Amino acid sequence: MEADTTQLKLLLTDTSFKTYTGVYAEIEPYMAEYGKAFKKRKLLKMNDIFALYAFEDEEGNKYTVEFTSVNKDEWKLVRF
């Protein structure tokens with residue numbers, strides 16, 4: 001993830017896109033650091049339609065993200 005909310009919006013499911021409307025300006029200053037930490041993610045759970053990852057930033061803050069499969073080769077971000 002880069003510090004670009006345009007790219008983030010393309011990763012979101014339609015429902016998540018609506019849920020997060022209005023927060024993009026708020027999170028933009030943190031996206032570069034969040035993206036850097038995300039590169040060190042660990043898969044916690046996964047099945048055919050769901051994946052849960054965990055990671056932490058340099059300060060030890062812990063995060064999770066959830067993805068869903070929208071077709072055989074495409075996953076969309078549900079929650080971050």
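By how many nm would the segment from residue 40 to residue 69 lengthen if fully extended, with 0.36 nm per residue of separation less the alpha-carbon distance? Kindly include the intermediate steps, with their values, before the conclusion.
Values: separation 29, 0.36 × 29 = 10.44 nm, distance 2.12 nm.
8.3 nm is the gain from fully extending residue 40 to residue 69.
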Candidate aspartates and glutamates - alpha carbon under 20 Å from residue 72, same-chain residues fewer than 8 apart omitted: 14, 48
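Using alpha-carbon pairs under 8 Å, 6+ residues apart, how would you state the relative contact order of the chain in percent?
Values: 114 pairs, mean separation 21.1, N = 80.
Once divided by the residue count of the chain, the mean separation gives 26 percent.
Treat every Asp and Glu Cβ in the chain as -1 and every Lys and Arg Cβ as +1, leave all other atoms uncharged, and give the resulting dipole magnitude about the Cα centre to the nearest 20 debye.
Values: 12 positive and 14 negative charges, 67 e Å.
Magnitude of the dipole: close to 320 debye.
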Which of 30, 15, 69, positive extreme of dipole for the chain (C-beta unit charges): 69
Sparsely packed trypsin sites (Lys or Arg not before Pro) within the chain, loop by DSSP, other Cβ within 10 Å at most 12: 39, 40, 72
Added length on full extension, which subtracts the Cα-Cα distance from 0.36 nm per residue, residue 47 to residue 10: 11.1 nm
Rg and Dmax of the chain, Cα atoms only, in Å: 12.6, 36
Solvent exposure of the chain as accessible area per residue, Å², 1.4 Å probe: 72 Å²
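The values are calculated or read from the model by the stated rules, or taken from the named source; none is laboratory data. This structure is a prediction, so every number in the text was calculated from the model and none was measured. Glycine gets a Cβ as well: all are built from the backbone with ideal geometry, and neighbour counts include every protein chain shown. Keep in mind that these areas ignore ligands, DNA and RNA; they rest on the heavy atoms of the full protein, side chains included. Shrake-Rupley method; radii C 1.70, N 1.55, O 1.52, S 1.80 Å.
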